[in-house]
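Scroll down for the structure; my scribbles are underneath it.
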Ligand SMILES: Cc1ncc(COP(=O)(O)O)c(C=O)c1O
């Protein structure tokens, strides 16, 4: 069983004295960060590490070595073949933009996405549609939000790229990526996976799932803000043209010419967030010390409890499958005719419960379903059953006065 009390000791925000301690149920937006991650970043600045890949002095060499180490840690974490398949970015959104603008799409090329992608996996494609004339096709999910292999199979012919979310921030559903990648590859398409939500909740093995490209953010997996990753199979990354260029991407330049470095350097333009990258490495080490089965078991327990309690409240409609076991660490719901922002603010004021309300950057889905907004509870390794009970008790109080 996951030792949640021990885990909580590592998160200063959950132990602060003289101030309120949040019941933090907004981990799908951003996770909390353990002190170990903060310390590594602090050390980077205090101990005088310097520029990576440029300066020959000891501080520069030390920083270069440390960042290289993290590239290896990330590669191992997702079971990439080698560390050069890891490109550091600022976040998932940048990784998706990098891919979309580097993969060489042209007018008429077809990109398939699902009907509940985060704006970060919708807008870059719509933008390219408007800019160069690609065709964006939307795969309708089943009524309960699960992936429809039938709809996908009907639409795959002629597609160049399939870009789908791993675990949805809308309803917590994890897509059958292995099956999707098999079908995509059989039809000559590349598969790009938006892994923003899954990384801190499930083991993702890019080779087992046969993922061509994967994007994720450090800040949702116990790491710092401003850190992200684009993974790509080495043979495919070689074929991409850089999206952003400049310092650190070339081996030489003249006033009229330049020579790009190899992968991954040519994709990492300018000075990176080195402190953040070291923090990301530490976050992965932290996750590596936990047991994935125990994480999933813990989240399942919380999700099942919350789901069953919410089902007792007649006006509440849960988004996604009825069964909490199918929704990872997300419970998202709405009440017709009620602005869920109000409830979120009341929960915070009444009991320090911090949830997310709104449209969760999936406006397209809410527009299509004609739902105004929703309230999302999303949890992680540091949340307890007592916290879930406090949430339910206070929600019930609010329902009585609504
Ligand atoms: C599924 C999904 N994709 C992409 C993103 C964008 O992540 P970031 O803001 O870190 O780029 C998010 C963030 O909430 C997300 O949940």
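Read the figures in this text as sums done on the coordinates, not as results from a lab. Given the structure is predicted, the values throughout are model-derived calculations rather than measurements. Please note: Cβ atoms are built from the backbone with ideal geometry, for glycine as well, and neighbour counts cover all protein chains shown.
Each label was represented as a point 7 Å from its Cα along the Cα-to-Cβ direction; for residue 149 and residue 338 these points are 3.8 nm apart.
Applying 1/(1 + (r/R0)^6) with R0 = 41 Å to the Cβ-Cβ distance of residue 369 and residue 393 gives a FRET efficiency near 0.90.
Based on C-alpha pairs under 8 angstrom that are at least 6 apart in sequence, segment 143-210 has a relative contact order of 36 percent. Once you've got the GNM for the chain with C-alpha springs shorter than 10 Å, pick whichever of 159, 196, 28 has the biggest mean-square fluctuation. Checking each option, the largest mean-square fluctuation is seen for 159. Which whole-number percentage describes the relative contact order of segment 38-288, with Cα contacts under 8 Å and a sequence gap of 6 or more? Relative contact order, segment 38-288: 25 percent.
Give the shape of segment 312-387 as rounded, prolate or oblate, defined through the alpha-carbon gyration tensor: a ≥ b ≥ c are the square roots of its eigenvalues, a/c under 1.5 means rounded, and otherwise the shape is prolate if a/b is larger than b/c and oblate if not. Oblate, because a/c is 1.5 or more while a/b does not exceed b/c. How high is the FRET efficiency from residue 271 to residue 400, r the C-beta distance, R0 51 Å, rounded to 0.05? Calculated value: 0.40. For segment 305-371 versus segment 128-205, the inter-centroid distance based on Cα atoms is 24 Å.
Pairing the Cα long axis of helix 177-186 with the longest principal axis of the chain, what angle in degrees results, from 0 to 90 and rounded to the nearest 10? The angle comes out near 40 degrees. In terms of its alpha-carbon gyration tensor, segment 1-123 comes out oblate; a/c meets the 1.5 threshold, while b/c is at least as large as a/b. Of interest is the spacing of the C-alpha centroids, which for segment 256-274 and segment 36-106 amounts to 12 Å.
Build a GNM of the chain with springs between Cα atoms under 10 Å apart, and of 257, 97, 187 the one that fluctuates most is 257. Compared with the dominant principal axis of the Cα atoms in the chain, helix 123-132 is inclined by about 50°. Relative contact order for segment 1-103: 12 percent, from Cα pairs under 8 Å spaced at least 6 residues apart, divided by residue count. Give the shape of the chain as rounded, prolate or oblate, defined through the alpha-carbon gyration tensor: a ≥ b ≥ c are the square roots of its eigenvalues, a/c under 1.5 means rounded, and otherwise the shape is prolate if a/b is larger than b/c and oblate if not. Oblate shape, in that a/c is at least 1.5 and b/c is the bigger or equal ratio.
Extension gain residue 241-residue 179, at 0.36 nm per residue separation less the Cα-Cα distance, in nm?
Values: separation 62, 0.36 × 62 = 22.32 nm, distance 2.86 nm.
Taking 0.36 nm per residue and subtracting the Cα distance, the gain is 19.5 nm.
Highest GNM mean-square fluctuation, the chain, Cα pairs closer than 10 Å: which of 194, 26, 144? Among 194, 26, 144, the largest mean-square fluctuation in the Gaussian network model of the chain belongs to 144.
Using the alpha-carbon atoms, what tilt in degrees (0 to 90, nearest 10) does helix 385-401 show relative to the longest principal axis of the chain? It works out to around 60 degrees. Mean residue ellipticity, 222 nm, helices only, the chain: the sum of -39500 (n - 2.57) across DSSP H runs of n ≥ 4, divided by residue count and rounded to 500, is -11500 deg cm²/dmol. Applying 1/(1 + (r/R0)^6) with r as the Cβ-Cβ distance of residue 135 and residue 17 and R0 = 41 angstrom yields a FRET efficiency of 0.10.
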